[in-house]
Amino acid sequence: MTKISVITINFNDKKGLSKTLESVTNQSYRDFEFIVIDGGSTDGSKELIEQYHDKINYWVSEKDTGVFNAMNKGIKRSSGEFLIFMNGGDCFYDNSVLENIASDLTPEFDIYYGDNYKDNNGSKRLKTYPEKLSFSFFYTSSINHQSTFIRRSLFDTIFYYDENYKIASDWEFFIYAICYKNVSYKYLRKTIAVYDFTGISSNPKFRSIYEEEKRLSFAKYFPAFIDDYQFVDVINSKRFLQFEHIKKFKISWKLLKAFINLLLLFLPKIRTK
């Protein structure tokens, strides 16, 4: 059977970590290694980890430089063929997830991803994903590492997470691996995780940081695409979707076109290249 590495990182989130440790160690499938990277927590997380020491293959509690530094530490310590990140506060959907997924992880593909529930203080919403992952998809979204199994060797052949980023480094890895390197992937029609949606990456206050980091990645790896794919923002806007909806109704569509033509009479002519 395929060996899996489950990597958990944590910093001063004893409550969330407790939930994650319980979920991982209660998995019915046993052929996996469990790695815990704690950032030198002072809230009792270290003592909690010690209580699970006999069920953890490797753990450390020491200062790090951030989320992706901790994740890279976990990757470098891992020995599984595939790895998945189940960070403090995140849980597997149920106790049989790894058992039900192990046979799906074959040499045919390098990335396997499934669905997850987003848990926002007890309010859960199922997030599903498309079977085909395109540049347009990654321009506005991403797959989640909590429900994605990544072939361990990809980090050696592509790159490790950029530790200069605070939020978007896992997104950068996925878009580069899939859209630039053409890494093989497969959508698993299974729910993998319940993902803690209260973290920094989900906080609206940090949205500008996330978007800026994405812009840096676009400029670094996809500079020729930037201007063209800004149009994707327009296509996905609420107004555009409403416009497309109106087109389905002939009378409403005719009235809208008439109004637009009337409005254009009072505006400067559109310049064409």
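A short reminder: the numbers here are calculations on the coordinates, not readings from a lab. Just so we're clear, the structure is a prediction, and the values are computed from it rather than from any experiment. Neighbour counts are summed over all protein chains in view; Cβ atoms, including those assigned to glycine, are modelled from backbone coordinates with ideal geometry.
Listed values, structure above:
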quantity	calculated
Relative contact order (percent, whole number), the chain, Cα cutoff 8 Å, 6+ residue spacing	19 percent
Fewest-first ranking of 24, 36, using other Cβ atoms within 10 Å as the exposure measure	24, 36
Amide H contacts of residue 191 (H built 1.01 Å from N, under 5 Å, at least 5 apart or other chain)	115
Listed peptides 8-20, 58-70, 153-165, 214-226 by packing density, highest first (mean Cβ within 10 Å)	8-20, 58-70, 153-165, 214-226
Net charge contributed by nearby residues that have their C-beta within less than 14 Å of residue 263 (K/R +1, D/E -1)	+2
Computed Rg/Rh of the stretch 1-143, alpha carbon atoms with Kirkwood Rh	0.96
Cα-based helix-to-principal-axis angle, 67-77 vs the chain, degrees rounded to 10	50 degrees
Area projected by the alpha carbon convex hull of the stretch 91-135, averaged over all directions, nm²	4.6 nm²
Degrees, to the nearest 10: 207-221 long Cα axis against longest axis of the chain	80 degrees
Rounded tilt (10° steps) of 14-25 against the dominant C-alpha axis of the chain	80 degrees
Fraction of alpha-carbon pairs over 31 Å apart in the chain - percent	34 percent
For the chain, share of DSSP beta bridges that run antiparallel, in % to the nearest 5	35 percent
Under 5 Å, built H, 5+ apart or other chain: amide partners of residue 185	110, 111
